[in-house]
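Asker: Below you will find the structure I want to go over with you.
The values are calculated or read from the model by the stated rules, or taken from the named source; none is laboratory data. What you are looking at is a predicted structure, and each value in this text was computed from that prediction instead of being measured. Every residue, glycine among them, receives a Cβ derived from its backbone with ideal geometry; neighbour counts consider all protein chains shown.
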Amino acid sequence: MKHLFIAMLLFAGTAQKSQPMKAFVVLVKVPSTYTTELAKSVNPKWEKAIADWKATGHYITSFAYPGESRVINPTEEKGNMKQVSSILLRTENIDEATELAKACPILAYGGSVEIREIPKGAPQIFEATAALHQQ
(Lines give C-alpha, C1' and ligand atoms only; values in the text may rest on other atoms or scores of the structure.)
Protein backbone atom coordinates (compact mmCIF):
# COMPACT_ATOMS: atom_id res chain seq x y z
CA MET A 1 0.00 0.00 0.00
CA LYS A 2 2.89 2.32 0.82
CA HIS A 3 4.33 1.87 -2.70
CA LEU A 4 0.97 2.64 -4.28
CA PHE A 5 0.74 5.87 -2.28
CA ILE A 6 4.28 6.90 -3.35
CA ALA A 7 3.46 6.13 -6.99
CA MET A 8 0.30 8.23 -6.77
CA LEU A 9 2.28 11.16 -5.31
CA LEU A 10 4.88 10.91 -8.06
CA PHE A 11 2.19 10.80 -10.75
CA ALA A 12 0.41 13.79 -9.24
CA GLY A 13 3.69 15.73 -9.16
CA THR A 14 4.44 15.09 -12.82
CA ALA A 15 0.88 15.84 -13.86
CA GLN A 16 1.11 19.26 -12.25
CA LYS A 17 4.33 20.11 -14.09
CA SER A 18 2.84 19.34 -17.49
CA GLN A 19 1.28 22.44 -18.98
CA PRO A 20 -0.91 22.60 -22.03
CA MET A 21 0.92 23.74 -25.12
CA LYS A 22 0.32 27.29 -26.31
CA ALA A 23 0.73 28.81 -29.75
CA PHE A 24 3.19 31.63 -30.40
CA VAL A 25 3.85 33.66 -33.51
CA VAL A 26 7.40 34.73 -34.29
CA LEU A 27 7.29 37.89 -36.37
CA VAL A 28 10.44 38.04 -38.50
CA LYS A 29 11.69 41.52 -39.45
CA VAL A 30 14.61 42.53 -41.64
CA PRO A 31 16.50 45.79 -42.15
CA SER A 32 16.40 47.59 -45.49
CA THR A 33 19.97 46.37 -46.09
CA TYR A 34 18.75 42.74 -46.26
CA THR A 35 18.80 41.95 -49.99
CA THR A 36 17.21 39.18 -52.02
CA GLU A 37 20.68 37.74 -52.67
CA LEU A 38 21.42 37.66 -48.95
CA ALA A 39 18.05 36.03 -48.27
CA LYS A 40 18.87 33.28 -50.79
CA SER A 41 22.25 32.64 -49.16
CA VAL A 42 20.68 32.45 -45.68
CA ASN A 43 17.93 30.05 -46.80
CA PRO A 44 19.83 26.83 -45.84
CA LYS A 45 20.11 28.15 -42.27
CA TRP A 46 16.34 28.70 -42.19
CA GLU A 47 15.79 25.17 -43.47
CA LYS A 48 17.93 23.80 -40.64
CA ALA A 49 16.14 25.87 -37.97
CA ILE A 50 12.74 24.70 -39.23
CA ALA A 51 13.93 21.07 -39.40
CA ASP A 52 15.12 21.32 -35.78
CA TRP A 53 11.77 22.79 -34.64
CA LYS A 54 9.90 20.05 -36.52
CA ALA A 55 12.08 17.35 -34.93
CA THR A 56 11.17 18.57 -31.45
CA GLY A 57 7.47 18.98 -32.24
CA HIS A 58 7.46 22.77 -31.81
CA TYR A 59 6.89 23.80 -35.43
CA ILE A 60 3.33 24.45 -36.59
CA THR A 61 3.75 26.34 -39.86
CA SER A 62 5.35 29.41 -41.40
CA PHE A 63 4.74 31.72 -44.29
CA ALA A 64 6.68 34.46 -46.02
CA TYR A 65 5.34 37.67 -47.46
CA PRO A 66 6.97 37.80 -50.91
CA GLY A 67 6.87 40.79 -53.17
CA GLU A 68 6.70 44.48 -52.63
CA SER A 69 5.61 45.94 -49.31
CA ARG A 70 5.12 49.29 -47.68
CA VAL A 71 6.09 50.25 -44.15
CA ILE A 72 4.57 53.35 -42.60
CA ASN A 73 7.04 54.61 -40.05
CA PRO A 74 6.56 58.27 -39.10
CA THR A 75 9.73 58.39 -37.00
CA GLU A 76 13.11 57.09 -38.03
CA GLU A 77 13.83 56.27 -34.38
CA LYS A 78 12.02 52.96 -34.80
CA GLY A 79 14.44 51.89 -37.50
CA ASN A 80 13.79 50.87 -41.05
CA MET A 81 12.61 47.29 -40.49
CA LYS A 82 9.91 45.40 -42.35
CA GLN A 83 8.19 42.16 -41.48
CA VAL A 84 8.91 39.46 -44.03
CA SER A 85 7.49 36.30 -42.47
CA SER A 86 5.65 34.71 -39.57
CA ILE A 87 6.43 31.42 -37.88
CA LEU A 88 3.96 29.61 -35.65
CA LEU A 89 5.46 27.57 -32.83
CA ARG A 90 3.92 25.41 -30.13
CA THR A 91 5.53 25.62 -26.68
CA GLU A 92 4.57 25.56 -23.02
CA ASN A 93 5.39 29.24 -22.40
CA ILE A 94 6.86 32.38 -23.90
CA ASP A 95 10.30 31.67 -22.39
CA GLU A 96 10.56 28.43 -24.35
CA ALA A 97 9.29 30.18 -27.51
CA THR A 98 11.92 32.89 -27.01
CA GLU A 99 14.70 30.31 -26.71
CA LEU A 100 13.54 28.61 -29.92
CA ALA A 101 13.31 31.94 -31.74
CA LYS A 102 16.97 32.61 -30.96
CA ALA A 103 17.74 30.06 -33.71
CA CYS A 104 16.34 32.42 -36.36
CA PRO A 105 19.26 33.12 -38.72
CA ILE A 106 18.03 36.65 -39.41
CA LEU A 107 19.41 37.73 -36.04
CA ALA A 108 22.96 37.43 -37.39
CA TYR A 109 22.14 39.82 -40.26
CA GLY A 110 20.68 42.81 -38.42
CA GLY A 111 17.13 41.46 -38.31
CA SER A 112 14.88 40.97 -35.34
CA VAL A 113 12.10 38.69 -34.19
CA GLU A 114 9.13 39.45 -31.99
CA ILE A 115 7.43 36.64 -30.10
CA ARG A 116 3.73 36.98 -29.31
CA GLU A 117 1.34 34.49 -27.75
CA ILE A 118 -1.71 33.73 -29.84
CA PRO A 119 -4.68 34.21 -27.52
CA LYS A 120 -7.01 31.39 -26.65
CA GLY A 121 -10.09 31.50 -28.78
CA ALA A 122 -8.02 32.36 -31.86
CA PRO A 123 -8.64 30.17 -34.90
CA GLN A 124 -8.01 26.52 -34.16
CA ILE A 125 -4.38 26.53 -35.28
CA PHE A 126 -3.42 23.20 -33.75
CA GLU A 127 -6.31 21.26 -35.25
CA ALA A 128 -6.06 22.87 -38.70
CA THR A 129 -2.32 22.35 -39.03
CA ALA A 130 -2.50 18.82 -37.62
CA ALA A 131 -4.98 17.96 -40.37
CA LEU A 132 -2.67 19.44 -43.00
CA HIS A 133 0.32 17.44 -41.78
CA GLN A 134 -1.69 14.18 -41.81
CA GLN A 135 -2.49 14.53 -45.53
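This table checks each residue for (1) among the acidic types (Asp, Glu); (2) at pLDDT below 70; (3) surrounded by fewer than 11 Cβ atoms within 10 Å (Cβ to Cβ).
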| residue | (1), (2), (3) |
| --- | --- |
| 3 | no, yes, yes |
| 40 | no, no, yes |
| 45 | no, no, no |
| 49 | no, no, no |
| 58 | no, no, no |
| 74 | no, yes, yes |
| 89 | no, no, no |
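Asker: Further question on the same structure: Residue 102: of a type in the set (D, E, K, R) and modelled with pLDDT under 95, yes or no?
Answerer: Details: of a type in the set (D, E, K, R): yes; modelled with pLDDT under 95: no.
Spelling it out, it is not the case that residue 102 is of a type in the set (D, E, K, R) and modelled with pLDDT under 95.
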